[in-house]
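First up is the structure itself, then whatever we jot down about it.
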Amino acid sequence: MRSSALASIAAAAAMAVASPALMAQGTVNWPTRPVALVVPLVAGGITDREMRPYLQKVQESTGQPFILDFKPGGNGTIGNLFVVKAKPDGYTFLISSSGMAVLPAFHPDLPYDTIKDFSPVSQISKRAMMLVVHSSVPVNTYQEYIAYAKANPGKLNWGTSGRGGVTHLVGAWLHQLTNTEVTFVHYKGSAPYVTDIVAGRLDVVPMSLGTGAPHFKSGRLKPLALMTTNRLSVLPNLMSIAEMGLPGYEYPNWLGMQAPAGTPAAIVNKASAEMARAVKSPDLAADLELNSITAIGSAPEEFRKVLIREVAQWKKLVADLKIESSE
């Protein structure tokens, strides 16, 4: 009996030691009910379209609904703050984008800390972006665009997904480096500015291949240059702005998933593993390549390093170039 009792105590002790390790690996009973994924943008944009196939995969794997909850406004701060204030129980997450790392550079008075108030889950993907103009703009190359902007200061209307956001910053950065001037028109997300440039109410916007391809084919829009550094296999002759005279210029457009700070590590790790499995599904690979999306599915700490690095980079850039969010 004494041996049996000792064996039971040893087993219990082993469980106590093993339990944190197992929890760290994500062996937790989560989710047991629907999960809300807050998107701080309007519905219908590239984030909306890209996330839905991933969420279908996660729902199939977990047996629970994953629901996109759109909370636009404040250039993303409304949705971000909603998640910061949410209960850290694994049932509210944020679907963030590269614009989140830009906000502290333009807005030092944010009502939350971009690093400390969130638990990074996974950098989901990276997407190639292009400089795109409406067919009515009398240019066909990036060089012609810069010459036209220089000869017509303020005439071209550049659409952004929000004042002080990443599409605003990369536009201000480009035109400051080239000593040119455009007029910024600010929207609550990319979906409305896509609608307006297709209709001819805007002249130029940053745009992804997946969004732009049908309009390139119809002739309504023209891609002039890549805003990211890697060439696209489907448009091999389209050069990057960095290649054409502005080394270092890049719009690093990514999607990520974050939880409120304090969310249990076991839940964060399991959510990260589920998302990584979804974005790397073989049956999604062709669609991702066609839309020039690179699946990442990183671990939480890897994503944290990306956020820390980019927040610091954008702050330095804005300070060095003296770019104002009111430009």
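The values are calculated or read from the model by the stated rules, or taken from the named source; none is laboratory data. Quick caveat: nothing in here was measured; it's all calculated off a predicted structure. Counting neighbours? That spans all protein chains shown, and the Cβs are built from the backbone with ideal geometry, glycine included. Surface accessibility is based on the protein's heavy atoms, side chains included, excluding ligands, DNA and RNA. Shrake-Rupley method; radii C 1.70, N 1.55, O 1.52, S 1.80 Å.
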For segment 75-218, what is the percent of antiparallel DSSP beta bridges, rounded to the nearest 5? 50 percent
What net charge is computed for the residues neighbouring ILE296, neighbours being all others with C-beta under 10 Å from the C-beta of ILE296, Lys and Arg scored +1, Asp and Glu -1? +1
Roughly to the nearest percent, how much of the accessible area of segment 250-301 is carbon and sulfur, given a 1.4 Å probe? 58 percent
Here segment 280-320 gives, from Cα atoms, an Rg and Dmax in Å of 14.9, 44
Computed from the beta carbon distance with a Förster radius of 25 Å, FRET efficiency for ARG52 and ALA199 to the nearest 0.05 stands at 0.50
With charges set only on the Cβ (+1 for Lys and Arg, -1 for Asp and Glu), what does the dipole of segment 149-258 come to about its Cα centre, in debye to the nearest 20? 260 debye
Please report, in cubic angstrom per residue, the volume enclosed by the convex hull of the alpha-carbon atoms of the chain. 145 Å³
With every protein chain present, what is the per residue accessible area of the chain (1.4 Å probe, Å²)? 44 Å²
Just how large is the dipole of the chain about the Cα centre, in debye to the nearest 20, putting +1 at every Lys and Arg Cβ and -1 at every Asp and Glu Cβ? 340 debye
Taking a spot 7 Å from the Cα of ASP113 along the direction of its beta carbon, which residues of segment 256-271 have an amide N less than 17 Å from it? 259-263
Hey, what does the equivalent ellipsoid look like for segment 14-153, semi-axes from the Cα gyration tensor as sqrt of 5 times each eigenvalue, largest first, whole Å? 39, 19, 15
Take the Cα radius of gyration of segment 225-280 and divide it by 2.2 N^0.38 Å, with N its residue count; two decimals is plenty. 1.72
Which listed pairs, of LYS280/LYS316; LYS217/LYS305; LYS217/LYS322; LYS150/LYS316; LYS217/LYS316, have C-alpha distances above 29 Å, in listed order: LYS280/LYS316; LYS217/LYS305; LYS217/LYS322; LYS217/LYS316
Hey, can you grab everything whose amide H is under 5 Å from the amide H of ASN253? Only 5+ residues off in sequence or another chain; H modelled, so Pro and N-termini drop out. ARG127
Given 10 °C and 1.306 mPa s, how large is the Stokes-Einstein diffusion coefficient of segment 121-197 in µm²/s, with Rh as the Kirkwood radius over Cα pairs? 118 µm²/s
Fraction of alpha-carbon pairs in segment 74-156 farther than 22 Å apart, rounded to whole percent, equals 50 percent
Counting only protein heavy atoms and a 1.4 Å probe, tell me what percentage of segment 109-164's accessible area is made up of carbon and sulfur. 48 percent
Please list, ordered by chain and number, the residues whose modelled amide H lies under 5 Å from the amide H of VAL182; skip anything fewer than 5 residues away on the same chain. GLY154
Taking the Cα centroid of segment 263-315 and of segment 41-80, what is the distance between the two, rounded to the nearest whole Å? 14 Å
Write down the percent of antiparallel bridges among all DSSP beta bridges whose residues are both part of the chain, to the nearest 5. 65 percent
When the charge dipole of the chain is computed with +1 on Lys and Arg Cβ and -1 on Asp and Glu Cβ about the Cα centre, the Cα farthest towards its positive end, among GLY245, ILE146, HIS215, belongs to HIS215
Mean shadow area of segment 227-327, taken as a quarter of the surface of its Cα convex hull (nm²): 9.0 nm²
Per DSSP helix of 4 or more residues, -39500 (n - 2.57); summed, then divided by the residues of the chain. What does that give at 222 nm, rounded to the nearest 500? -14000 deg cm²/dmol
Take the Cα coordinates of segment 103-258, assign each an equal point scatterer, and use the Debye formula without solvent to give log10 I(q)/I(0) at q = 0.13 Å⁻¹. -0.61
